[in-house]
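Here is the structure we will look at.
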Amino acid sequence: MQVKKAVIPAAGMGTRFLPATKVQPKEMLPIVDVPTIQYVVEEAVRAGITEILIITGRSKRAIEDHFDKSVELEALLEQKGKNKELAEMQRISNLADIFYVRQKEALGLGHAVACARNFVGREPFAVLLGDDIVHAEIPVIGQLIDIYNKKSATVLGCQRVGFDNIQKYGAVDAEDFSEPVVQVRSLTEKPNPAEAKSDLAVLGRYVIDPEIFDILNVTPPGAGGEIQLTDALNLLARQQSVWAYSFEGRRYDVGDRLGYIEATIEYALRREDLAPQLKTFLKSLTF
Ligand code: G1P
């Protein structure tokens, strides 16, 4: 079945980015001049997704406004003859059919995804987490959809993160790690590094079969007292095959201060309008 729908959980409080996230959603923090959530939405759209559900919470109104048509702004840009900017604003408000639902309590990622049940129905669906931004020629979620189409089973987007970092992620256990696509034996959310079976981490991209919803309904709170998507996927892997796919692309953890700064610098260096001057500035820095 074709993957047409994507779910983007965006209800987190952004406590790792205070005070910047005191009044604005962390998903609206820009990398150069584009809010992080726009990169995620555009990745989904480039992969052929046509319907997107953003799971929001209180104080996330700016996300809805960002993807909405801004009548006043468009009129102003038109009046000033700023046609390039006008076209860009119109493009953003027409990216996809975007729906919103509120997660009423911060009970974890698994609980947030469970809020998408009615939107998803009985189809496989993509999940993209906004803390992970990936620069890739082929959008990562598109790479996962290709694997899904071959396997007809749930696929998790993964990369190795090193054993020093694995306790921040969902970790994969598999029989054999030699191929880019391996069958998942089990998953552990935020394992103790000494107990982690591998350093292959699930990095914010998933294509999931709808059977996950029944499992999420009965998944007890796990790491951090939250209902974890990883725990539900671990249960799913006992019922049907689940695949871990090592995707191609440079991934940034923009939920982390340093990852965010790295992403900002590298994305700016990829921009023709900024790269020459930024390079000169960076070279001039002495430590
Ligand atoms: C979440 C998931 C985790 C995944 C990570 C990817 O964790 O629970 O399995 O590896 O995103 O970035 P969080 O970063 O919300 O703690």
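First obtain the Kirkwood hydrodynamic radius of the stretch 189-263 from its Cα pairs, then insert it into the Stokes-Einstein equation at 25 °C and 0.890 mPa s, and state the resulting D in µm² per second as a whole number.
Details: Rh = 14.4 Å.
Here the translational diffusion coefficient equals 170 µm²/s.
With equal scatterers on the alpha carbons only and no solvent term, can you work out the Debye log10 of I(q)/I(0) for the stretch 1-157 at 0.09, 0.13, 0.17 1/Å?
-0.31, -0.64, -1.05
Assuming R0 = 41 Å, what is the FRET efficiency of Arg185 and Asp97, from their Cβ-Cβ distance, to the nearest 0.05?
Details: r = 37 Å, r/R0 = 0.91.
Once rounded, the FRET efficiency stands at 0.65.
Can you tell me what share of the DSSP beta bridges in the chain is antiparallel? A percent to the nearest 5 is fine.
Values: 26 of 44 bridges.
Antiparallel bridges: around 60 percent, rounded to the nearest 5.
Kindly work out what percent of the DSSP beta bridges joining two residues of the stretch 1-114 are antiparallel, to the nearest 5.
Values: 2 of 13 bridges.
Percentage antiparallel, nearest 5: 15.
Determine the dipole magnitude for the chain: charges of +1 sit on the beta-carbon of Lys and Arg, -1 on that of Asp and Glu, nothing else is charged, the reference point is the Cα centre, and the result goes in debye to the nearest 20. Could you put the intermediate results ahead of the total?
On the way: 34 positive and 40 negative charges, 79 e Å.
For this selection, approximately 380 debye.
Please identify every one of the trypsin sites (Lys or Arg not before Pro) in the stretch 190-287 that sits in a loop by DSSP and has no more than 13 other beta carbons within 10 Å of its own beta carbon. Could you put the intermediate results ahead of the total?
On the way: sites: Lys197, Arg205, Arg238, Arg250, Arg251, Arg257, Arg270, Arg271, Lys279, Lys283; in loops: Lys197, Arg270, Arg271.
Sparse-neighbourhood loop trypsin sites (Lys or Arg not before Pro): Arg270, Arg271.
How big is the charge dipole of the stretch 157-287 about its Cα centre, in debye rounded to the nearest 20, if each Lys and Arg gets +1 on its Cβ and each Asp and Glu gets -1 on its Cβ?
Values: 14 positive and 20 negative charges, 115 e Å.
For the stretch 157-287, the charge dipole is close to 560 debye.
In degrees between 0 and 90, to the nearest 10, how far off the longest principal axis of the chain does helix 257-269 point, with axes built from Cα atoms?
50
Please name whichever of Tyr100, Thr21, Gly170 sits farthest to the positive end of the charge dipole of the chain, dipole taken about the Cα centre and charges placed at Cβ: Lys and Arg +1, Asp and Glu -1.
In the chain, that residue is Thr21.
Which of the trypsin sites (Lys or Arg not before Pro) found in the stretch 1-57 are loop residues per DSSP with 11 or fewer other Cβ atoms within 10 Å of their Cβ? The partial results should precede the final answer.
On the way: sites: Lys4, Lys5, Arg16, Lys22, Lys26, Arg46; in loops: Lys4, Lys22.
Passing both the DSSP loop test and the Cβ count: Lys22.
Can you give me the % of accessible surface on the chain that is carbon or sulfur? Probe 1.4 Å, all protein chains present, nothing else counted. Can you show the working numbers first?
Numbers: 7610 of 14750 Å².
Exposed carbon and sulfur together represent 52 percent of the surface.
Enumerate the lysines that Lys197 could reach by cross-link, defined here as Cα to Cα under 18 Å, with residues fewer than 8 away along the same chain left out.
Those lysines meeting the cut-off are Lys168.
Gaussian network model of the chain, Cα springs within a sub-10 Å range: biggest mean-square fluctuation belongs to which of Thr188, Thr15, Thr56?
Highest fluctuation among the options: Thr15.
Can you pick out the pairs among Lys5/Lys84; Lys82/Lys279; Lys5/Lys104; Lys80/Lys279; Lys4/Lys82; Lys5/Lys150 whose Cα atoms lie more than 25 Å from each other?
On the way: Lys5/Lys84 30 Å; Lys82/Lys279 29 Å; Lys5/Lys104 22 Å; Lys80/Lys279 32 Å; Lys4/Lys82 34 Å; Lys5/Lys150 18 Å.
Violating the 25 Å limit, Cα to Cα: Lys5/Lys84; Lys82/Lys279; Lys80/Lys279; Lys4/Lys82.
Rounded to the nearest 500, what is the 222 nm mean residue ellipticity of the chain from helices alone, with -39500 (n - 2.57) per DSSP H run of 4+ residues and division by all residues? Can you show the working numbers first?
Values: 11 runs with 101 residues, N = 287.
Rounded to the nearest 500, it is -10000 deg cm²/dmol.
Which whole-number percentage describes the relative contact order of the stretch 1-145, with Cα contacts under 8 Å and a sequence gap of 6 or more?
Working: 200 pairs, mean separation 57.5, N = 145.
About 40 percent, as a whole number.
Using bins 10 angstrom wide from zero, how does P(r) for the chain break down, in % of all Cα pairs?
6, 27, 36, 21, 8, 2, 0
Give the angle, between 0 and 90 degrees and rounded to the nearest 10, that separates the Cα long axis of helix 140-151 from the longest principal axis of the Cα atoms of the chain.
Helix 140-151 sits at roughly 30 degrees to that axis.
For the chain, with every protein chain kept in place, what is the accessible area per residue (1.4 Å probe, Å²)? Don't skip to the answer; put the middle values down first.
Working: 14750 Å² over 287 residues.
Using a 1.4 Å probe on heavy atoms only, each residue of the chain averages 51 Å².
Taking the Cα atoms of the stretch 99-214, what is the range of coordinates along each of the three principal axes, in descending order and whole Å?
Ordered largest first, the stretch 99-214 gives principal extents of 39, 34, 29 Å.
The values are calculated or read from the model by the stated rules, or taken from the named source; none is laboratory data. As the structure is a prediction and not an experimental result, all values here were calculated from the model. When we count neighbours, we look across all protein chains shown, and the Cβ atoms used for this are built from the backbone with ideal geometry, even at glycine. For accessibility, only protein heavy atoms count, side chains too; no ligands or nucleic acids. Shrake-Rupley method; radii C 1.70, N 1.55, O 1.52, S 1.80 Å.
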